[in-house]
Amino acid sequence: MELNKDDLMQRCFDLARLGLGKASPNPLVGAVISMPNIIIGEGYHMAYGKAHAEVNAVDSVTKKNLKKIKKSLLSVSLEPCNFHGKTPACTNLIIQNGIPHVNISTLDKTNKVNSKGIQKLKENRLQVDFGIMEPKGKFLARVRNTFVTKKRPYIILKFAQSKDGFMGQADKQIWLTNKYSKRLVHKWRSEIAAIMVGTNTALVDKPALTNRLYSGSSPLRVILDKDNSIATDSKLKDKSVSTWIYTSDSSPGTNSENLVYKDILTNIGLLDQICSDLFADGKDTLMVEGGPKLINSFIAAGLWDEARILNSPTMLKNGLKSPQIDGVTIANFPMYTDVIELKLSHNNVIYS
């Protein structure tokens, strides 16, 4: 049976996702090398600074199939890179191996790529077909393309809400969602670069913001604490993982390897400052976990790309109203008693 181009691209997407939490700030990319009725090689970008998906796919081809490469089809979820960064350009690899035909889902908006990879392949007389399952390709590449075009991390707003629309109650720790949703949130933490809360959430909920219930690394913790009111023995200051604390206190404490105090600047908006700092540090994703005041400030500034809302069956009757998210709902799925809703901003790069 001849392999379908969409099935081959779907395999690229599935492979690419295996790099979640490890490839950042490089993009998630999967690649498949095939003949009409057989896959002879496949790979994905496993970790930042390591070989790209196309290299791993070529390296996976067995000796008995090496001669087939010059008659093969390369399917790749993202436009191949066209410059030498931490690794050589993948366009050169494709050309040097004599691969005659390349199927690509979507563009890499990095300035040094952004159609230049496709152009180089065509200039070397390769057949290039572009736009294979492009909506899915754009979704997979949304973090990368936001990072390189908007010069800030891809921002995810995450919060739980009661059935009657409250996030919680003032000065009171309330857990709304079930243990399965909690584990899902820790999975999300393993896939992102940075996580953020405000002062009230830090003081009331006393979170650790670490990835304890799922495999993988914990994200950078970003905390707003203008008055330096978080106690020195707080979990957020335990130096277990990298932590930035933004404050206006002139002498908040001593910086260490995993605990850095950052002065809140007066010549730039605070959220812009944080986004700029994260971009400069190569952090391509930021998940804002609350509370409502902080989340609403991101919404008001138009600084969000995706919302992940955990809907609980619990009724609170009063409390802190949940943020109102005006976006495009792309998924609703049950998590035992809870319902997870995923929304994208109308300004998300996948719509551009």
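The values are calculated or read from the model by the stated rules, or taken from the named source; none is laboratory data. Since the structure is predicted, the reported quantities are computational estimates derived from the model, not experimental observations. Virtual Cβ from ideal backbone geometry, glycine too; neighbours counted across all protein chains shown. The protein model used for the area step is the full one, side chains on, heavy atoms only, and it has no ligands, DNA or RNA in it. Shrake-Rupley method; radii C 1.70, N 1.55, O 1.52, S 1.80 Å.
Observations, loosely collected:
- Residue list for the stretch 83-110, restricted to those being open to solvent by 10 Å² or more (accessible area, probe 1.4 Å) and more than 13 Å from Ala51 (Cβ to Cβ): Phe83, His84, Asn92, Ile95, Gln96, Asn97, Gly98, Pro100, His101, Leu107, Lys109, Thr110
- Flag set for Lys50, criterion: outside any strand (DSSP E or B), open to solvent by 10 Å² or more (accessible area, probe 1.4 Å) and at pLDDT below 95.
- Some residue of the stretch 277-300 being part of a strand (DSSP E or B), buried (at least 18 other Cβ atoms within 10 Å of the Cβ), in contact with a Pro (Cβ under 8 Å, 6 or more places away or on another chain) and among the charged types (D, E, K, R): yes
- When the residues of the stretch 111-146 are filtered to those that are in a loop (DSSP other than H, G, I, E, B) and in contact (Cβ under 8 Å) with a residue 40 or more places away in the chain, the one that is most open to solvent (accessible area, probe 1.4 Å) is Met133.
- Filtered residue count, the stretch 153-167, keeping only those that are part of a strand (DSSP E or B) and open to solvent by less than 10 Å² (accessible area, probe 1.4 Å): 5
- Taking (1) among the small types (Gly, Ala, Ser); (2) in contact with a Leu (Cβ under 6 Å, 6 or more places away or on another chain); (3) at positive phi in turn, Gly165 satisfies each apart from (2).
Here's the yes/no breakdown for (1) outside any loop (DSSP other than H, G, I, E, B); (2) hydroxyl-bearing (Ser, Thr, Tyr):
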site: Ser181; (1), (2): yes, yes
site: Leu184; (1), (2): yes, no
site: Ser215; (1), (2): no, yes
site: Ser218; (1), (2): no, yes
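- Ala202, sole failed condition from (1) buried (at least 22 other Cβ atoms within 10 Å of the Cβ); (2) under 19 Å from the mean Cα position of the chain (by Cα); (3) not β-branched (Val, Ile, Thr): (2)
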